[in-house]
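Only one structure is covered here, and it is reproduced in the block below.
The values are calculated or read from the model by the stated rules, or taken from the named source; none is laboratory data. Note that the structure is a prediction, hence the values are computed from the model and not measured. Backbone-built Cβ (ideal geometry, glycine too); neighbour counts: all protein chains shown. These accessible areas exclude ligands, DNA and RNA; they are computed on the full protein's heavy atoms, side chains included. Shrake-Rupley method; radii C 1.70, N 1.55, O 1.52, S 1.80 Å.
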Amino acid sequence: LTQPVTPDLLVSPSSQDGDLGSECPEDRGNWTGRLDFLLSCIGYCVGLGNVWRFPYRAYTNGGGAFLVPYFIMLAICGIPIFFMELSLGQFSSLGPLAVWKISPLFKGVGMGTILIVSLVAIYYNMIIAYVLFYLFASLTSDLPWQHCGNWWNTDLCLDHHVIKAGNNTVPVNISNTVSPSEEYWSRYVLHIQGSSGIGDPGRIRWNLCLCLLLSWTIVYLCILKGVKSSGKVVYFTATFPYLILLMLLIRGVTLEGAWKGIQFYLTPQFEHLLSSKVWIEAALQIFYSLGVGFGGLLTFASYNTFHQNIYRDTFIVTMGNAITSILAGFAIFSVLGYMSQELGVPVNQVAKAGPGLAFVVYPQAMTMLPLSPFWSFLFFFMLLTLGLDSQFAFMETIVTAVTDEFPYYLRPKKASFSAVICIALFLMGLILTTEGGMYWLVLLDDYSAGFGLMVVVITTCLVVTRVYGMKRFCRDIHMMLGFKPGPYFRACWMVLSPATMLALLVYNIVKYQPSEYGNYRFPTWAEVLGILMGVLSCLMIPMGMVVAVLQEEGTLWEVGVQQASRPAMDWGPSLEENRTGVYVASLAGSQSPKPLMVHMRKYGGITSYENTAIEVDREMEEEDDEESM
């Protein structure tokens, strides 16, 4: 007796049975838990910038008044682009390179994204290495940056404990002095006195090199199995920082003088709202804090099931990110207020942003507290967890992008490929572990994700809405979520978001300032190198266009450009049962004219999403009839 055979009509490439499945590439996988995606997005967006950039930007741009442009820019620029990236990733189940099947002419945008993310991943992991260094240094009874008198200290070093223990009636001039924490950072950790500038990197600092190796090892072990492993790690790395932040906040507000810092942080100065700089700063903070354009959001969404409610997730993540930034400001400025009172100086003299806050000011404040090693360890452990899940996203973006391009060869060897990428980026980052490494880090930070990233985001927005078409994109979201985006999203995608991004780009170019680190000014060749980093990511777009047109047959404009700008034949949902209307039977090897049959065989009936599919089909038929008339 012969075994019953399923008719070809009902076989789909996504079926697990049948010979057809053996010809398909290995399954790229999905999130294994319901909260994996949401926590990964929160961990990715809530990073070091929320702690060391937002509070400083707020107080220098009008205090509490800064929240007005901040939330307006979140609504105009942040939420819409965030939702667009998630929609593209979830609809196609493809990474930042392969997703450009939506319009192969613009595949260079994806190439530019990968270049930017690779450069950022190199220096971002160096910052994590610094955090690890301080974390280990905190495992002692006395913090090493607590007092002067060490071999790395100079005559300018002034210990605040000495000031406090001395006679308070005699004023002490601290203007020409340096704190022990600042000398520990620059002269011991960086050993920057061994380098004369960016052209003289000096020797490798082996303790920093080992910390960098450890940080890359941690990252690799966490992304070893892709989203299946990193999706579990974020349950800890995305939630634990909130516990530590809460502890630091409670400890901070109970300190003497804390209110002075909080008042300095939040006192509204509404006259600042008349300055264009404040609005630009708010947009920049939203842009970099949410991580749009880096491909991380698109990558994470590509591992979702087709009907995941990303509309709800968009608002949870974006609002959660904003609230976290504001809370971090309270935790930071309450301690800075206490510190200013202890030193007898105004708050604005101790407030800093970026590495200066994380590795100089806050560690110095920790030495003024009882149980200072405990609070220092907590602070740096919070920074470690904040940094790691952002780094997971960068690495997952690079690995997913390349494996989706070569699924047959690389997907079965994803762990080995991830190891190769980690080793390559570690070797490229070795220059950051030298005595002049901080100069290179500043250069990468200033230029790798500057105007190039903005060009990438603007181009993505314009291609989706103009080339692919707003109506078609909204129809795709309707297929996926069961409803179309409202007028708010359509207005932002068509006009408001790209216009805001363009204003940011113009502002960055007009207000361009050469890089500097402290009193050191970068030489011209370093500036040119930095600008080339940004320009190269932009050049990927025309280069990709040339390649796409050359791959098409026919004359340059009539066939080449027009054909390359249309979606590829296999563009659409990755699983055949999710394909309807124009997407039916367009997958390679497809034998199923109606995915609805696959659904009925699988589920035994028609669900609400099949009803949506039928509605979308009917709309398409009506539009086709109108066009033919």
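Residues that are touching a Leu at 6+ places or on another chain (Cβ under 9 Å) and either open to solvent by 80 Å² or more (accessible area, probe 1.4 Å) or under 28 Å from ILE116 (Cβ atoms) (or both), at least 2 per element: which helices (runs of 4 or more DSSP H) completely within segment 483-583 meet that?
497-510, 524-551, 562-565
Output the number of the condition that LEU343 fails; it satisfies all remaining conditions of (1) open to solvent by 10 Å² or more (accessible area, probe 1.4 Å); (2) under 25 Å from the mean Cα position of the chain (by Cα).
Result: LEU343 fails condition (2) only.
Just one of the numbered conditions (1) more than 20 Å from ALA129 (Cα to Cα); (2) open to solvent by less than 20 Å² (accessible area, probe 1.4 Å); (3) touching a residue at least 60 places away in the same chain (Cβ under 8 Å); (4) among the hydroxyl-bearing types (Ser, Thr, Tyr) is not true of THR465; which one?
(3)
Within the set of pairs 6+ apart or on separate chains, which have a first residue in segment 146-175 that is among the aromatic types (Phe, Trp, Tyr), a second that is open to solvent by less than 40 Å² (accessible area, probe 1.4 Å) and at pLDDT 90 or above, and C-beta atoms under 8 Å apart?
That search, which allows pairs on different chains as well, returns TRP152/GLU183; TRP152/TYR184.
Does PRO412 satisfy the criteria of being of a type outside the set (D, E, K, R) and in contact with an Asp or Glu (Cβ under 6 Å, 6 or more places away or on another chain)?
yes
Among the numbered conditions (1) assigned to a loop (DSSP other than H, G, I, E, B); (2) open to solvent by less than 10 Å² (accessible area, probe 1.4 Å), tell me where GLY337 comes up short.
For GLY337, the failing item is (1).
If a residue counts only when it is without any contact (Cβ under 8 Å) to a residue 40 or more places away in the chain and in contact with a strand residue (DSSP E or B) (Cβ under 9 Å, 6 or more places away or on another chain), which helices (runs of 4 or more DSSP H) contained entirely in segment 258-313 have at least 3 such residues?
So the answer is none; nothing clears 3.
Among (1) touching a Pro at 6+ places or on another chain (Cβ under 9 Å); (2) buried (at least 23 other Cβ atoms within 10 Å of the Cβ), there is one condition ILE128 misses while meeting the rest; what is its number?
Of everything listed in (1) touching a Pro at 6+ places or on another chain (Cβ under 9 Å); (2) buried (at least 23 other Cβ atoms within 10 Å of the Cβ), ILE128 misses just condition (1).
Please go through segment 183-218 and pick out each residue that is of a type in the set (D, E, K, R) and either surrounded by 15 or more Cβ atoms within 10 Å (Cβ to Cβ) or touching a Cys at 6+ places or on another chain (Cβ under 6 Å) (or both).
Passing the criteria: GLU183, ARG187, ARG205.
In the list ASP313, ASP389, which residue meets the criterion of being closer than 27 Å to ILE72 by Cβ and acidic (Asp, Glu)?
None of the others qualify; the one that does is ASP313.
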